[in-house]
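A.B. asks: Following this message is one structure expressed as structure tokens.
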Amino acid sequence: MPTYRIAPSLLSADFARLGEDMRAVIDAGADWIHFDVMDNHYVPNLTFGPMVCQALRKHAVRADGSKVPIDVHLMVQPVDALAQAFAEAGADLISFHPDASIHVDRTLQLIRAAGCQAGVVFNPAMPIDILPWVIDKVDLVLLMSVNPGFGGQSFIDSALRKTEMVRKLIDASGRDIRLEVDGGIKVDNIRRVADAGADTFVAGSAIFGQKDYRKVIDAMRVELARA
Ligand code: DX5
Ligand code: ZN
């Protein structure tokens with residue numbers, strides 16, 4: 001069984017008490033914190049920038065003192081300057097949409113040179129044909145199972161087929177690359193996403209929409225542990 005990771009998306013947290021909500025979801029067992037950056041240009045919505053990431057960084061720590069990785073999902077265009085700023089703000093992983101960067105290989109190099117893990121993100125209707133050309137430089141592939149811009153949308157089923165395709169490419173590469181799926185993931189479909197080959201799951205509204213975050217995360221883990 002792969003090491004599964006659950007990455008709650010702060011997009012659905014209470015922005016009036018963001019730090020508190022992040023700590024609560026960490027105490028509830030979050031493996032990563034998914035940080036959705038929207039610029040009102042690449043996507044029709046606007047969220048938070050590197051200063052907010054920097055302010056949260058020191059609070060993204062478990063009770064035992066271990067650091068919780070901040071998984072920055074850039075929905076911005078252009079990419080490079082903000083990727084650099086998020087690296088300086090303490091991001092651990094930085095993913096971007098290749099269609100938002102003119103020089104994808106260069107952006108990946110920039111993120112890794114800044115000391116972060118680098119990821120590429122594919123929208124539901126985007127082909128993955130660039131992947132073989134950059135697979136030696138990615139640490140994470142993030143597949144969108146909704147159109148980016150908003151939380152609380154329904155899972156688009158074609159993402160499962162794409163997950164299967166990317167799983168094959170990753171396995172053939174022999175590299176240690178995480179395969180993360182983002183959008184519309186709930187307790188009742190997480191198992192299907194895992195069966196398609198994902199090992200990391202973003203969930204926003206499914207977790208923050210409930211009072212008891214631990215109950216949801218535990219229920220997701222029960223689904224993932226099912227044979
Ligand atoms: C959408 C974001 C997602 C979003 C997922 O643009 O990238 O991370 O927060 O939210 P849910 O889990 O509610 O679909
Ligand atoms: Zn996201």
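Read the figures in this text as sums done on the coordinates, not as results from a lab. Here the structure is a predicted model, which means the values were calculated and not measured. Using ideal geometry, Cβ is built from the backbone for each residue, glycine included, and neighbour counts are taken over all protein chains shown.
A.B. asks: Quick check: residue separation of Asp212 and Asn45 times 0.36 nm, minus the Cα distance between them. What number comes out in nm?
C.D. replies: Length gained, Asp212 through Asn45: 57.4 nm.
A.B. asks: Right, next: If the label point is 7 Å along Cα→Cβ of Arg62, which residues in segment 8-22 have backbone nitrogen under 20 Å from it?
C.D. replies: Of the residues in segment 8-22, 8-10, 20-22 have backbone N under 20 Å from the label point off Arg62.
A.B. asks: What is the order of Val61, Val134, Val79, fewest Cβ neighbours within 10 Å to most?
C.D. replies: Val61, Val134, Val79
A.B. asks: Return the Rg/Rh value of the chain, two decimal places, where both radii are evaluated on C-alpha atoms and Rh is the Kirkwood radius.
C.D. replies: 0.93
A.B. asks: Could you give the length gained on full extension between Asp14 and Ala55, defined as 0.36 nm per residue of separation minus the Cα-Cα distance, in nm?
C.D. replies: 13.2 nm
A.B. asks: Here is a further query. Given only helices, namely DSSP H runs of n ≥ 4 each adding -39500 (n - 2.57), what is the per-residue ellipticity at 222 nm of the chain, to the nearest 500 deg cm²/dmol?
C.D. replies: Values: 9 runs with 80 residues, N = 227.
Mean residue ellipticity, 222 nm, calculated: -10000 deg cm²/dmol.
A.B. asks: Please give the Cα centre distance for segment 166-227 versus segment 96-161, rounded to the nearest Å.
C.D. replies: 17
A.B. asks: Identify, among Ile217, Phe35, Pro127, the residue whose Cα sits farthest towards the positive end of the charge dipole of the chain, taking +1 on the Cβ of Lys and Arg and -1 on the Cβ of Asp and Glu, with the dipole about the Cα centre.
C.D. replies: Ile217
A.B. asks: Over segment 54-102, calculate the relative contact order: mean separation of alpha carbon pairs under 8 Å at least 6 apart, over the residue count, as a percent.
C.D. replies: 40
A.B. asks: Next question. Once the piece of chain linking Ala114 and Trp133 is laid out straight, how much longer is it, given 0.36 nm per residue of separation minus the C-alpha distance between them?
C.D. replies: Gain on extension, Ala114 to Trp133, equals 4.7 nm.
A.B. asks: Okay, moving on. Could you work out the relative contact order of segment 5-224, using alpha carbon pairs under 8 angstrom and six or more residues apart, expressed as a whole percent? Don't skip to the answer; put the middle values down first.
C.D. replies: On the way: 438 pairs, mean separation 42.0, N = 220.
RCO, segment 5-224: 19 percent.
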